[in-house]
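Written below as structure tokens is the structure these notes are about.
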Amino acid sequence: MKDWASLTTVEEMEAATNALLENGKKVGADSWQQRVKNQTPHCGFGEAGTCCRICSMGPCRITPKSPRGICGCDVHGIVARNYLRFTAGGSATHSDHGREICHTLHQAKEGGNYQVKDPEKLIRIAKEWGVETEGKDIYDLAHEMSELALLEYGKPFGVQRFLKRAPEHTQQLWHDAGIEPRAIDREVSTAMHMTHMGCSSLSEALIRQSLRCGLSDGWGGSMMGTEFSDVLFGTPKPVDTTANIGVMEKDNVNIVVHGHDPSLSEMVVYYANDPEMIAYAKSMGAKGITVSGVCCTSNEVAMRHGIPMAGNFLNQENVVLTGACEAIVVDVQCIFPALGPLSKCFHTKFITTSPIARMPDSEFIQFNAETAGENAKAIVKMAIENFKNRNPELVNIPDQKQNARVGYSVEAIVKVLDGVANSQVDEFGTTKPLLECVTSGVLRGAVAMVGCNNPKVRPDSAHISLMKKMLENDIILIVSGCSAQAAAKAGLMDPVKAKEYCGAGLKRVCELANIPPVLHMGSCVDISRMLILAAQLSKDSGIPIAQLPVVGCAPEWMSEKAVSIGNYVVATGIETFLGVDPYSKGSSEVTELLQGENGINKWVEAKFVVDTDIESLGDKMIQCIEDKRAALGI
Ligand code: MSK
């Protein structure tokens, strides 16, 4: 029996947010809700992608009366150039995160701040890269691998090493389309060069480079970020945690970690559990220390340590508005500069830690791998000492919390689903049990749902309504980023109750494997896990990725990273459904290239589907999955 009341609804989450906004009003706090009003309506040229400010002759805006910019570039060139720059920003950002992880791996040493927690994985990747492992000290191997990984960013020749993980058919498509990514930095530089004034204005060439640049992220920087994070911090395994704003605890020192890079948050978690620090917190009048997270840093520490998830992207101001946040500690990406002035309205310390993300009204404690322990300890201490500065009259933590099981790396999915069909697993394992569920029709297919919140969409409503729709239709979900947190906050990752929302087939799989129907695969960079899973499904079945009943979806995306992700997911052969337009609708040519039958679809056997009507987007996803099944005769 479905008990809809057991889920936390979007309406309930909005009511909690409204209560927090009332709290903010008492101290004159600004909010993103107000800033959206101030910024509406948005610029129509910007939304259509038809404004060019790449040189200083303009800015040029394309209208029926002025169909070309001053240089003569037409609307298709302008929209495509903007799209490629959008992609390059995302690819650079994700990949630089991956680079930081490679540097951290280089710092790893026996007994140090950072150690190799998954030596088997390191050895597996080393063998894959043709590196001798026999008789080698694991830290010597880690340093050698980190140097090789860093060379992937700037090597003068060749293509990304991890492309070989893709099925041969996919590799051939990339080769034939001329989109195999070379060095990661080169693809970003090429994108910037191509879009400089007086270079490319041919939309087809610009979109081709967008796919290539995206692939350098997905099968390059992000994949290294994920793989070497696993080597350093452990490959995630299923772990139980809790989600939503009610995970913050009134009587405890609350530290919220936010951003993307797990290097710092791992250390904060470690020191927050240190008996010396807990005793110190008690001496300051608190009952203990609670670390919770926002955005992808949250996903990282939830997957490896069961740290509760306070919220996703558009909840970042909410944690401060509780009046119970002693410190919000951020690393990189998706951090609102608004947190500076907002924290000043409360007692909250807003602590920035990376030279990449410097913000006004923050306390900057530069974090680096050599001094990671000291940095994290100083941050935890600062939060503890701030507990006494709370104004009890402003403390309001909404009572919303759901149980969630997270930590489904590819390795974990392969392992748990093996319990359904009892297939033999080899060293890496096999996806055959999952394939058997799909071919028999017990599961109709899978959706990889990812991405952010965006005020253009009622927060979380698209994620949650699409997830429910898929579950009812026996479609399993693999999720990451803020989409994952939307599911967790609603209760869709609770293995006990979420199965009640599923069709009979999916419910049975959940019961047999003891899994929730929405599988948490991690952070934004961990979408690379989804690529590995798709590649493995294709290899194990002998079916090209594009023919598998699997689709991608980002219904509330907002960041440049999401555009890069979209490019690499679609370029891997996975039809990708978007609920927000990527500023491309101003050009019929670019729209046709991205969404038509004869554009990128001809090169990579998949395309984008953009529909801002979420109900209709969901119908199209189900139709796409059913069409693929019919084409396979299953
Ligand atoms: S954090 S990129 S809002 S998913 Fe990765 Fe969430 Fe999107 Fe940032």
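Is it true that Arg85 is open to solvent by 50 Å² or more (accessible area, probe 1.4 Å) and under 33 Å from the mean Cα position of the chain (by Cα)? Steps first, please.
Details: open to solvent by 50 Å² or more (accessible area, probe 1.4 Å): yes; under 33 Å from the mean Cα position of the chain (by Cα): yes.
Judged against the criteria, Arg85 is a match.
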**Q.** Any pair with Cβ under 9 angstrom, 6 or more apart, that starts in region 14-29 at a residue that is more than 20 Å from Lys401 (Cα to Cα) and at pLDDT 95 or above and ends at one that is acidic (Asp, Glu) and open to solvent by less than 40 Å² (accessible area, probe 1.4 Å)
**A.** Gly24/Glu317; Ala29/Glu317
Q. Within region 542-552, is there a residue that is buried (at least 24 other Cβ atoms within 10 Å of the Cβ), within 16 Å of the ligand (Cβ to nearest atom) and either in contact (Cβ under 8 Å) with a residue 60 or more places away in the chain or not in a strand (DSSP E or B) (or both)?
A. yes
**Q.** Positions within region 280-296 being open to solvent by less than 10 Å² (accessible area, probe 1.4 Å) and over 18 Å from Lys377 (Cα atoms), in sequence order
**A.** Val294, Cys295, Cys296
Q: Determine whether Lys164 is in a helix (DSSP H, G or I), surrounded by fewer than 21 Cβ atoms within 10 Å (Cβ to Cβ) and of a type outside the set (Val, Ile, Thr).
A: yes
Q.
Exactly one condition in (1) touching a helix residue (DSSP H, G or I) at 6+ places or on another chain (Cβ under 8 Å); (2) within 15 Å of the ligand (Cβ to nearest atom) is false for Tyr271; which is it?
A. (2)
Q.
Can you pull out every residue in region 178-199 that is open to solvent by 30 Å² or more (accessible area, probe 1.4 Å) and small (Gly, Ala, Ser)?
A. Gly178, Ser189, Gly198
**Q.** From Thr572, Thr612, residue being of a type in the set (Ser, Thr, Tyr), at pLDDT 95 or above and surrounded by fewer than 20 Cβ atoms within 10 Å (Cβ to Cβ)
**A.** Thr612
Q | Residue identified as more than 16 Å from the ligand (Cβ to nearest atom) and under 20 Å from the mean Cα position of the chain (by Cα) among Met224, Met248 | A | Met224
Q) Is it the case that Val159 is more than 30 Å from Lys109 (Cβ to Cβ) and touching an Asp or Glu at 6+ places or on another chain (Cβ under 8 Å)? A) yes
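Just checking: which of the strands (runs of 3 or more DSSP E) contained wholly in region 290-384 hold 1 or more residues that are more than 16 Å from the ligand (Cβ to nearest atom)?
Strands (runs of 3 or more DSSP E) meeting the threshold: 327-330, 349-352.
If only one of Glu100, Glu47, Glu132 is among the acidic types (Asp, Glu) and in a loop (DSSP other than H, G, I, E, B), which one is it?
Criteria check complete, one pass: Glu132.
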Q) Going by the conditions given, is Phe162 under 23 Å from the mean Cα position of the chain (by Cα) and hydrophobic (A, V, I, L, M, F, W, C)? A) yes
Q) Tell me, which residue of region 54-82 that is among the charged types (D, E, K, R) and surrounded by 13 or more Cβ atoms within 10 Å (Cβ to Cβ) is nearest to Pro582 (Cα to Cα)? A) Arg81
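The values are calculated or read from the model by the stated rules, or taken from the named source; none is laboratory data. Since we're looking at a predicted model, the values are computed, not measured. Please note: Cβ atoms are built from the backbone with ideal geometry, for glycine as well, and neighbour counts cover all protein chains shown. Only protein heavy atoms, including side chains, enter the accessible area calculation; ligands, DNA and RNA are left aside. Shrake-Rupley method; radii C 1.70, N 1.55, O 1.52, S 1.80 Å.
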